[in-house]
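Read through the structure below, which is laid out as structure tokens, and then see the notes.
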Amino acid sequence: MIEQHEDLLEQLEALRSRALTELAAIHSSNELDEWDTRYLGRNRGELKNISAVMPKLTKDERKIVGQKINDVKKDLEHQLAEKRETLKQNELMQALEQERIDVTLPGRATPVGHMHPLSRVMLEATQIFARMGFNIVQGLEVETDYHNFQALNIPADHPARDMQDTFWVSPGQILLRTHTSPMQVRVMKQTQPPVRVVVPGKVYRNEAVDATHEAMFHQIEGLLIDEYCTMADLKGSLERFAQELFGEKRRARFRGSYFPFTEPSAEMDIDCPMCDGKGCRVCKYSGWVEILGSGMVHPKLLREVGYDPTKYRGFAFGVGVERLAMLKYDIGEIRLFSGNDLRFLRQF
Ligand code: 2U9
């Protein structure tokens, strides 16, 4: 029996030194966990295995061997805790080293977008009318023949209704609106005077495309209906609009014209904003450029939407937004607006 307990003490010493040698070689938490299970594990740990022979020892032997087991166990646990702390520190230092941020590196630029030139002109122009008291409304791009043509006094044999000029969705019935006017018809049918609206939006015409014509373009149309409204109101409002958009010193002139939906009708020119009316390439050396069409709303239209034409009258106008933008920024080619060429777009 004496041999057995001395043998056990030797085994425990050997275990301690083997365990500590292995521990010194460990470099990761995973290995450390394995080590923990192997030597200190409650189930099949080596220390536990040695303790299994305790019941076969005498009382005195048990005391000596028990103390030794405790001593080795405490030692291993203590070394394990220290090693854990060391590994944790090492791993932290490694992370700090690897994840270090070099604050001297140049930053990565975030590209900043901006409004499309057409959107900008559209916004500027509608806001001018908004400040005058007009409401801004948007309509449908797919419309009925009734709202786009019939209600606007555009007769069946009018060239605009031709297959060549209109994009039909369902011929004679449903179409892509050729102007934003169908929305004004809808507004008038829904509300009673006074009416003050501007309608910005996309319109479609089956045009031969060139430097100044596209099949899709943008319009802003306006409509004012009230008991007292004259051509003087039309002229004053539209001249003011031109001055706010193109500068305080702009002058307007009106030339008689014809539209089916207005009577009388007039086109408005302003003195050329490029050369102040002296004559240049833009105004073709005339000193004047046309910017919009307008007129007093035709009594037939008022009657059509249920307004009494002896009580109410109004003025209406229409502007092409691309044309305004081309004049404002001296752009000679309408197709640039829909081309998405960043070299063009970045200039605004
Ligand atoms: C209603 C009554 C009248 C809208 C008007 C014009 C004159 C006009 C053109 C400008 C350039 C179209 O984009 S363009 O080619 N428009 O000249 N538009 S009066 O008159 C209306 C509209 C709706 C109910």
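Please treat every number below as a calculation from the coordinates, not as lab data. Please read these numbers as outputs of a predicted model, since none were measured by experiment. Neighbour counts are summed over all protein chains in view; Cβ atoms, including those assigned to glycine, are modelled from backbone coordinates with ideal geometry.
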Exercise for review: Report the relative contact order of the chain, percent, no decimals, based on alpha-carbon pairs under 8 angstrom and at least 6 residues apart.
Suggested key: 13 percent
Point to revise | Candidates per GluC sites (Glu not before Pro) in region 246-348, loop by DSSP, up to 16 other Cβ within 10 Å | key: Glu248, Glu333
Practice item. Could you please state, rounded to a whole Å, how far the C-alpha centre of region 324-348 is from the C-alpha centre of region 148-198? Key: 29 Å
Revision key, fill the gap. Only helices counted: for the chain, with every DSSP H run of 4 or more residues adding -39500 (n - 2.57) and the sum spread over all residues, [θ] at 222 nm is -13500 deg cm²/dmol
Practice item. With a 10 Å radius around each residue's Cβ, average the other Cβ atoms per peptide and rank 280-287, 176-183, highest first. Key: 176-183, 280-287
Check your understanding: Label points 7 Å out from Cα along the Cβ direction at Met93 and Tyr285: separation in nm?
Key -> 8.6 nm
Review point. Is the shape of region 170-210 best called rounded, prolate or oblate, per the rule: a/c under 1.5 gives rounded, else a/b larger than b/c gives prolate, else oblate, with a ≥ b ≥ c the square roots of the Cα gyration tensor eigenvalues?
Key: oblate
Check your understanding: Quick one: putting +1 on the C-beta of Lys and Arg, -1 on the C-beta of Asp and Glu, what dipole do you get for the chain around its Cα centre, in Debye to the nearest 20?
Key -> 1060 debye
Practice item. Once you have a ≥ b ≥ c as the square roots of the Cα gyration tensor eigenvalues for region 117-345, tell me rounded if a/c is under 1.5, and otherwise prolate or oblate according to whether a/b is larger than b/c. Key: oblate
Point to revise | Shape of region 140-255, Cα gyration tensor, a/c cut at 1.5 | key: oblate
